[in-house]
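Trainee: Handing you a structure now.
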Amino acid sequence: MNPFRSMRGWAAESLLRRLWLWMTVIVTVVGLSTALISYVIGYQEAKEMQDVQLRQIAGLVHRWGDLRQSVLEPHGADVDEDTRVIVERLDASAAADGLRLPRALANGMHLVESGGHSWRVFVQSGRGGRIAVAQGTDVRADAAINSAQRTLFPLLALIPLLLLLSVWVVRRALQPVRMLADQLDERDERRLDPLPVHAVPQEIRPFLASINRLLDRLAVLLERERRFVADAAHELRTPIAALSLQAENLAHADLPVETRARLRSMQHGLARTRGVVEQLLSLARAQSGRRLALQRIDPTQVLHQVIEDLMPVAELRRIDLGMERDEGVPILADSTQLYTLLRNGLDNALRYTPDGGRVDLAVFTEAGDDRILRVHIDIADTGPGIPPQDLQRAFEPFERLEHVPGSLGSGLGLAIMRSIAHNLGGRLELENRPTGGLCMRYSQPAMWTGEPVTGPADARK
């Protein structure tokens, strides 16, 4: 597998990776090129500096005057053990430990082989005669390399630092984009207001402007759909009411048994159609986005009102309905909307609970992992529950889950409840109970007053 193709594929998945990869290539190539050029220049400068030192030593020796020996002894103060510079008179008899340089060397710099070694020699004439200052090329090369490496290593060490800094710079540059993505993730699917463009880089603003225009078109389309649903529901109410009235009048007439059976079937169908129309109106109102009349209310009182309204249904089917827990505190909500939410929830629980079953209600307050105090309202039944893979799908409009035993609703109840929960700033969850049945929980931040609003420990009827 081609590693370069794999790297390009890896970088193509992310703008951050792509920028980092190109900056890595550029910084590495430029850094290595700069380090190589710096090394070569440093090496050449070190060589030139060594030649300058040979010239300076020759000048100093001439200032000393006449030399007593043809060669300054290596064990004397004239020899530097690190640089091993040797000074020799060319016009005197060569010493035994001398370099034995050719006497015909002209003034200037030379490269001479002597004693099996290569020497860099500078020859200069003065009042003391012709002086040769020599230094071994291997010593010079080592010194030049050491000097060049001192300029090379900092540059090489700078390359990984620049790479890390490039990652930090790219991340900082893309931080507004990541913040905008987080804001989008936190948005509800019905929130279609424009995205802010002032806090993002100028290069991304045209893209955001296109997204905002798309959001505007979606908002117009959704508003048209909501109006259509509301208008259609309003238009259907009158003919359905008229048909129901005619069917009721017809029921008082003297009809054959078979005709009366068909009339009852038609009345049941009209009642169900009327319920669907009312639910459509409720859904349109919940999704209209109108401003709610929020006020401090006691959720337990609203739940008691719902129990009172639906208790006849529970008694008719011998369902044990009552409060298991009453430990709530006030919340900020719209009482009408909260009543509609809880009534739909309890109506669903009673609808799917078999005769002689049980529906438990609970209101309690607790702090979550985020340390926010919330009021929880639970409606738990002993019905068939919902398959785990369909728990989220159940919130979609007209999703009736036909494979669930006893599915008789219109498929709008949970959609209405979710819309209301969103409007109230709460959260709606469904969970299958370990002992069988379904538990619906509505949660909303509490208005803490210091003392819980308490009620009877068990209001079961």
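Trainee: Tell me the residue from Ala284, Ala314, Ala271 that is modelled with pLDDT under 85, closer than 22 Å to Gly413 by Cα, touching a helix residue (DSSP H, G or I) at 6+ places or on another chain (Cβ under 7 Å) and assigned to a helix (DSSP H, G or I), please.
Mentor: Ala284 is the lone residue from the list that is modelled with pLDDT under 85, closer than 22 Å to Gly413 by Cα, touching a helix residue (DSSP H, G or I) at 6+ places or on another chain (Cβ under 7 Å) and assigned to a helix (DSSP H, G or I).
Yes/no per residue for (1) surrounded by 12 or more Cβ atoms within 10 Å (Cβ to Cβ); (2) assigned by TED's automatic domain parsing to the domain that holds Asn146; (3) at pLDDT below 70:
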position	(1), (2), (3)
Ala12	no, yes, yes
Leu19	yes, yes, no
Val29	no, yes, no
Leu32	yes, yes, no
Leu36	yes, yes, no
Glu45	yes, yes, no
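Trainee: Do we have any residue at all in region 80-97 that's modelled with pLDDT of 75 or more, buried (at least 17 other Cβ atoms within 10 Å of the Cβ) and acidic (Asp, Glu)? Give the steps one after another, and end with the answer.
Mentor: So the first thing to find is which residues in region 80-97 are modelled with pLDDT of 75 or more, and the list is 85-90.
Add one more test, that the residue is buried (at least 17 other Cβ atoms within 10 Å of the Cβ), and what stays is 85-90.
If we keep only those that are acidic (Asp, Glu) as well, we get 88.
Yes - at least one qualifying residue is present in region 80-97.
Trainee: Here is a follow-up. Within region 202-234, count every residue that is surrounded by 11 or more Cβ atoms within 10 Å (Cβ to Cβ) and modelled with pLDDT under 75.
Mentor: Selection size over region 202-234: 12.
Trainee: Next up: What number of residues in region 309-359 are in contact with a strand residue (DSSP E or B) (Cβ under 9 Å, 6 or more places away or on another chain) and hydroxyl-bearing (Ser, Thr, Tyr)?
Mentor: 3
Trainee: Can you tell me which of Arg351, Arg418, Arg441, Arg460 is over 30 Å from Gly269 (Cα atoms), among the charged types (D, E, K, R) and at pLDDT 80 or above?
Mentor: Going through Arg351, Arg418, Arg441, Arg460 in turn, the sole match is Arg441.
Trainee: Do we find a residue being farther than 17 Å from His422 by Cβ, assigned by TED's automatic domain parsing to the domain that holds Gly425, part of a strand (DSSP E or B) and in contact with an Asp or Glu (Cβ under 7 Å, 6 or more places away or on another chain) anywhere in region 339-353?
Mentor: No: region 339-353 contains no residue that is farther than 17 Å from His422 by Cβ, assigned by TED's automatic domain parsing to the domain that holds Gly425, part of a strand (DSSP E or B) and in contact with an Asp or Glu (Cβ under 7 Å, 6 or more places away or on another chain).
Trainee: If you check every pair at least six apart or on different chains, which have Cβ atoms under 6 Å apart with a residue in region 339-363 that is touching a residue at least 24 places away in the same chain (Cβ under 8 Å) and β-branched (Val, Ile, Thr) first and a residue that is in a strand (DSSP E or B) and surrounded by 20 or more Cβ atoms within 10 Å (Cβ to Cβ) second?
Mentor: Pairs found: Thr353/Val359; Thr353/Asp381; Val359/Leu321; Val359/Asp381; Val363/Asp326; Val363/Gly328; Val363/Ile377.
Trainee: Could you tell me how many of the residues in region 104-139 are under 16 Å from Val52 (Cα atoms) and of a type outside the set (A, V, I, L, M)?
Mentor: The qualifying residues number 10.
Trainee: When the residues of region 98-117 are filtered to those that are surrounded by 14 or more Cβ atoms within 10 Å (Cβ to Cβ) and part of a strand (DSSP E or B), which remaining residue is modelled with the highest pLDDT?
Mentor: His110
Trainee: Could you please let me know if Asp360 is charged (D, E, K, R), assigned to a strand (DSSP E or B), farther than 12 Å from Ser443 by Cβ and at pLDDT 90 or above?
Mentor: Yes, satisfied.
Trainee: Would it be correct to say that Ala333 is touching a Gly at 6+ places or on another chain (Cβ under 9 Å), surrounded by 18 or more Cβ atoms within 10 Å (Cβ to Cβ) and either closer than 13 Å to Leu430 by Cβ or not hydrophobic (A, V, I, L, M, F, W, C) (or both)?
Mentor: The answer is no for Ala333.
The values are calculated or read from the model by the stated rules, or taken from the named source; none is laboratory data. Bear in mind that the values here come from a model prediction, so they are computed numbers and not experimental data. Note: ideal-geometry Cβ built from the backbone for every residue, glycine included; neighbour counts use all protein chains shown.
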